[in-house]
Ligand SMILES: [Zn+2]
Ligand SMILES: [Zn+2]
C-alpha cells in the first residue's frame, strides 16, 4: 500500500513529505489507518541523530492511534473498524524467557524487540517507519485496544509515557497506601502522579519550579516538594517507598537517595546520559537500590490503557497539523515542553496527502 508521511533524510534537515510502500498485512498482521500520533521527545532525538544510531530516511512516531482497515489471515483479536493503538515496539522474537513472561520490551532474542521506527524489521532487516504517516501494518500481538472511554487524541502518550511510569510501579509492587515519589514533572512525571494516585499511593512530587506547585496539586499529588529547597528535602528524608526519577538530564542523585526508606528503590526512567559521582554509603546502610526501567510489555501497556480509561487519566493534548511538526521540534529542543503533549492530526494530513503526490519524496526503507 502507498503511504504518505513526514520524514527526514539527515540530522540537519527538517521533516518533509515522503511517500513509501508498506507491505499489505500478511498472516497475523493488522493494517491500521492512523488518525493521531503523539510527538515524543524521543522523536526529536532520533530525527536529529542525538543517539548516533539513526538510519535515514527516518519517519518518527510511536504514539499511534488509529482504526483497523484490514486484517491478515489468522488474526483473532481485531477486526475492521476497531479503535486501536501502537506504542514503542511492533515485534519481538516471542520465544525467549522475556517474551514468554510478557516483557517483549526486554526481548533477549538476537535482535531484541523491533522498535516502531528506526527499528530493524523482521525478516528482511529493513528500517521501520513510524506513525508520522497515514497507515501502518503491525502483527496483532503488538496492537493495543484503545478503550472507548479514552479520547483517541490523548491515548497515544499513554502507550509511551504512561507505560514507562506504570511498569516500574508494577514491577516494584507499589501498594495502596505506600508513598510514591515522582522526581521531575514533565510528560512522564505528569502521568506518574496520576497513575500513582489511581493505584492508591500517596504521591509526593519533586520539582524545581515553584510555579508548577498549584498545577501539580490539581493533578492529584498529595504534596509538592521543591527539590532545590534543602530544608523541605530534609523534612522529606526517608519518606518514600518508591521513587520514579523522570529527570531527563544528568543530575545529583544524592539528595534523592536521602528521601528513601530502607529497602526501597529509585527507578531511573529519564536520564540515559550519566550521573555525577555519588557516595554509595547511604545505599549500603539502608539497602536502597538504584534501578532502571524501559517502557513495558504489551500486556502491561493494555493494562495501563484500561486503567487510564477507568480513571479518566488523560494527558493534556494540543492538536497540531503535520506541517507544524518542525516548529514543535524547535520548541521541544529549546526545552519548552509545556504541560501538554502535541498530537498530530493524521486524518487531516490524509485529506491533503494525495495532493502531495508530486512534492513528496519517494523513499524506500534501507536495510541494516
Ligand atoms: Zn516516546
Ligand atoms: Zn524475545
Inset, instruction - Could you list all residues from segment 331-351 that are part of a helix (DSSP H, G or I) and either more than 27 Å from residue 85 (Cα to Cα) or out of contact with any helix residue (DSSP H, G or I) (no Cβ under 8 Å at 6 or more places or on another chain) (or both)? - result: 331, 347, 350, 351
Inset, instruction - Taking residue 81 as the residue in question, decide whether it is assigned by TED's automatic domain parsing to the domain that holds residue 318, closer than 30 Å to residue 247 by Cα and either crowded, with 24+ Cβ neighbours inside 10 Å or free of Cβ contacts under 8 Å to residues at least 40 places away in the same chain (or both). - result: no
Inset, instruction - Assess whether residue 42 counts as being within 16 Å of ligand 2 (Cβ to nearest atom), crowded, with 16+ Cβ neighbours inside 10 Å and assigned to a helix (DSSP H, G or I). - result: no
Inset, instruction - Please determine, by comparing only the residues of segment 84-99 that are within 18 Å of residue 161 (Cα to Cα) and part of a strand (DSSP E or B), which one is nearest to ligand 2 (Cβ to nearest atom). - result: 89
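Of the residues that make up segment 118-130, is at least one outside any loop (DSSP other than H, G, I, E, B), touching a strand residue (DSSP E or B) at 6+ places or on another chain (Cβ under 8 Å) and within 16 Å of ligand 1 (Cβ to nearest atom)? Explain how you work it out, then say what you get.
First, pick out the residues of segment 118-130 that are outside any loop (DSSP other than H, G, I, E, B): 120, 126-127.
Filter once more, so that each one left must be touching a strand residue (DSSP E or B) at 6+ places or on another chain (Cβ under 8 Å): 120, 126-127.
Those left that are additionally within 16 Å of ligand 1 (Cβ to nearest atom): none.
Taking every residue of segment 118-130 in turn, none turns out to be outside any loop (DSSP other than H, G, I, E, B), touching a strand residue (DSSP E or B) at 6+ places or on another chain (Cβ under 8 Å) and within 16 Å of ligand 1 (Cβ to nearest atom).
Scan 81, 102, 52, 61 and give me the residue that is within 16 Å of ligand 1 (Cβ to nearest atom), in a loop (DSSP other than H, G, I, E, B) and at positive phi. Steps first, please.
Numbers: 81 fails: within 16 Å of ligand 1 (Cβ to nearest atom); 102 fails: within 16 Å of ligand 1 (Cβ to nearest atom); 52 fails: within 16 Å of ligand 1 (Cβ to nearest atom).
The unique qualifying residue is 61.
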Legend entry - Residues that are surrounded by 18 or more Cβ atoms within 10 Å (Cβ to Cβ) and within 19 Å of residue 285 (Cα to Cα), drawn from segment 240-259: 240, 241, 242, 243, 253, 255, 256, 257, 259
Inset, instruction - Evaluate segment 106-115: report whether one residue or more is more than 13 Å from ligand 2 (Cβ to nearest atom), under 17 Å from residue 155 (Cβ atoms) and either outside the structural domain of residue 153 (by TED's automatic domain parsing) or buried (at least 17 other Cβ atoms within 10 Å of the Cβ) (or both). - result: no
Inset, instruction - Just one of (1) at pLDDT 95 or above; (2) within 27 Å of residue 316 (Cβ to Cβ); (3) touching a helix residue (DSSP H, G or I) at 6+ places or on another chain (Cβ under 8 Å) trips up residue 197, so point out which. - result: (3)
Inset, instruction - With the condition kept exactly as written, say whether any residue in segment 119-127 is crowded, with 19+ Cβ neighbours inside 10 Å and within 18 Å of the chain's Cα centre (by Cα). - result: yes
Legend entry - Inter-residue pairs, beta-carbon under 9 Å, first in contact (Cβ under 8 Å) with a residue 40 or more places away in the chain and at positive phi and in segment 24-42, second in a strand (DSSP E or B) and more than 16 Å from ligand 2 (Cβ to nearest atom), 6+ apart: 28/71
Inset, instruction - Take the residues in segment 166-192 that are surrounded by fewer than 21 Cβ atoms within 10 Å (Cβ to Cβ) and under 17 Å from the mean Cα position of the chain (by Cα), then tell me which one is modelled with the highest pLDDT. - result: 170
Inset, instruction - Evaluate segment 105-115: report whether one residue or more is more than 16 Å from ligand 1 (Cβ to nearest atom) and within 21 Å of residue 322 (Cα to Cα). - result: no
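The values are calculated or read from the model by the stated rules, or taken from the named source; none is laboratory data. Predicted model only: the values in this text are computed from it and were never measured. Positions of Cβ are generated from backbone atoms using ideal geometry, with glycine treated the same way; all protein chains shown enter the neighbour counts.
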